[in-house]
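Before any comments, here is the structure.
The values are calculated or read from the model by the stated rules, or taken from the named source; none is laboratory data. It should be emphasised that the depicted structure is a prediction, and the values quoted were computed from it without experimental measurement. Here the Cβ is made from the backbone with ideal geometry for all residues, glycine too, and neighbour counts use every protein chain on show. Please note that ligands, DNA and RNA were not included when accessible areas were found on the heavy atoms of the full protein model with its side chains. Shrake-Rupley method; radii C 1.70, N 1.55, O 1.52, S 1.80 Å.
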Amino acid sequence: MHIPDGFLSLPVVTGTYTATLFSLGFIRKKIKEYGDQLLIPKIALLAAFIFVSQMINIPVAPGSSGHLIGATLATLLVGPFYAVLVMSMVVTVQMLIFQDGDLTAWGANVLNLGVAAVFVSFIVFFLMEKWERRFPFTGIRYVPVFLAAWFSVVISALLCSIELGLSGVAPLGTLLKLMGSVHALIGILEGVLTVFIFELVRSWRRDAVYILNQNSPG
Amino acid sequence: MKASRYLLLFTVLILLVLGIAYSSSMPDGLETVARKLHFISAERSLNWSLLKSYQICEKLPEVVNHILSALVGSIVLLFMSFGIARLRESNPQKDKGNS
């Protein structure tokens, strides 16, 4: 879902750059306040893993493929502030070196795949986790992770549709409908992969999972 | 325990390499919609990035290019992460002054 050059109008480019730079400034401040230097190796590995995962496209519908975005995974493993940093680094390297997502769309891409996807993941996970505690049987613990991942993809896609609609490339209603439906399928892939990888990390190094260390064990 | 961890790491690495090698060439969600709504032609490439779309060397097969790109991107991100940490470490006074 990397927007290339040419899709966004100048006002949308300006607006998304402003929102992204403002968000990154806020994140920088929070990392300075609460950041932990010991997390850096984990952040480096996570960024590399997400970068590589985003190169793997999997068919999700006839004529369309999707890949892991990784914003939810990053949020669960390193927390929302470092997750935005990880996603911003990935999007920036893809743009600077590999021509994936271009310069004028950098603000929008970081806003959609980094800032929005991370905070949607964080909010949905915590809302769902409260609900999950009422039904403490084994299988349901995957639901908050799956839904956080699904919503992160769908909301990012809808935000991307709004940016494209405001730029006038296509009618906003049609964009919302099509982007929403395609990314609802891609969201399922994101959800399944996120649950799988999250469970793998949790079973291997529970202490390395940010979200589990913020709550009581369970 | 340690052996199983190495086995797991090895398996993940193999899966990633295989994933890249057999990655689908079908368009992603945004590209699919852009084609359907006929605004794909609005795409412009300013051609200023270091490499052209995950192509390290045009003479190499696409699979090899993608695997090498994954390696290069990962190394750059590792350096970038540690670089950011080093910047913060080497400038604590400035950070204090700004806060």
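Couple of notes before you dig in:
- When every residue of the stretch A:51-66 is checked against the conditions, at least one turns out to be without any contact (Cβ under 8 Å) to a residue 40 or more places away in the chain, open to solvent by less than 10 Å² (accessible area, probe 1.4 Å) and over 22 Å from B:L77 (Cα atoms).
- Among the conditions (1) closer than 15 Å to B:L30 by Cβ; (2) modelled with pLDDT under 90; (3) not β-branched (V, I, T), A:R134 misses just one, which is (1).
- Lone qualifier among A:L200, A:L127, A:L147, A:L111 - being assigned to a helix (DSSP H, G or I), away from chain B (no Cβ under 14 Å) and surrounded by fewer than 16 Cβ atoms within 10 Å (Cβ to Cβ): A:L127
- Residue match in the stretch B:79-88 (condition: open to solvent by 50 Å² or more (accessible area, probe 1.4 Å), modelled with pLDDT of 90 or more, at the interface with chain A (Cβ under 9 Å from one of its Cβ atoms) and within 16 Å of the chain's Cα centre (by Cα)): yes
- Criterion: open to solvent by less than 40 Å² (accessible area, probe 1.4 Å), part of a helix (DSSP H, G or I) and either in contact (Cβ under 8 Å) with a residue 60 or more places away in the chain or more than 28 Å from B:K36 (Cα to Cα) (or both) - qualifying residue of A:L73, A:L38, A:L21: A:L73
- Taking the criterion of being buried (at least 17 other Cβ atoms within 10 Å of the Cβ), more than 7 Å from chain A (Cβ to nearest Cβ) and among the hydrophobic types (A, V, I, L, M, F, W, C), the residues of the stretch B:18-55 that qualify are B:A34, B:I40.
- Flag for B:V76 being at the interface with another protein chain (Cβ under 8 Å from one of its Cβ atoms), at pLDDT 90 or above and under 30 Å from A:L164 (Cβ atoms): yes
- Annotation: of all residues in the stretch A:55-97 being among the small types (G, A, S) and facing chain B (nearest Cβ under 7 Å), the one that is farthest from A:F122 (Cα to Cα) is A:G63.
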